[in-house]
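I have placed the structure first, in the form of structure tokens, so that the comments after it can refer back to it.
Coordinate-derived values only; no laboratory data. A quick note: this is a predicted structure, and the numbers were derived from the prediction, not measured. Glycine also receives a Cβ, built like all others from the backbone with ideal geometry; neighbour counts cover every protein chain displayed.
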Amino acid sequence: MQFGILALISITELVLFILLLRFFTRLRKSENLYLQLAGNQQSLMDKLHANAELERELVQSFAARQAELRKLDADLEKRAGELRSLLEQAERIGRSPQFLRGLIKSGSREGRSPAQLAKATGLSLDEVQLILAQERN
């Protein structure tokens, strides 16, 4: 009887020992898995930090390019205004009677006909003939 109780207690201790061993091996596996996940999390955090840094640099670069584009646009508008002013001035000079007279005289000396001169200057044929007649007198 005492041998049976002793055997039963020994078997129970053996089962508890086996269960304890299984618990510690699972605990070790869980600890390894936890360390692996922690390492992966750190790697992910490093990548997120690098991506955030790249995004910050991209935004700064974009802002710098926007500022440069605004400056170029202002310069372009200024030059467009200057060109409009020059074109208006050239048109005023091109439509001035003295310039047209000089153009008609030089064209006549080069042998162009009054019809060609009228077409080139935008004047009527009668106006060109009148200017040529005034120059001959």
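Here are some notes:
Results for (1) polar (S, T, N, Q); (2) more than 28 Å from the chain's Cα centre (by Cα); (3) part of a helix (DSSP H, G or I), shown as yes or no for each residue.
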site	(1), (2), (3)
LEU35	no, yes, yes
GLN41	yes, yes, yes
LEU44	no, yes, yes
LEU58	no, no, yes
ALA64	no, no, yes
LYS71	no, no, yes
LYS78	no, no, yes
GLN98	yes, yes, yes
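- Count of the range 110-136 residues which are in contact with a Lys or Arg (Cβ under 9 Å, 6 or more places away or on another chain) and not in a helix (DSSP H, G or I): 1
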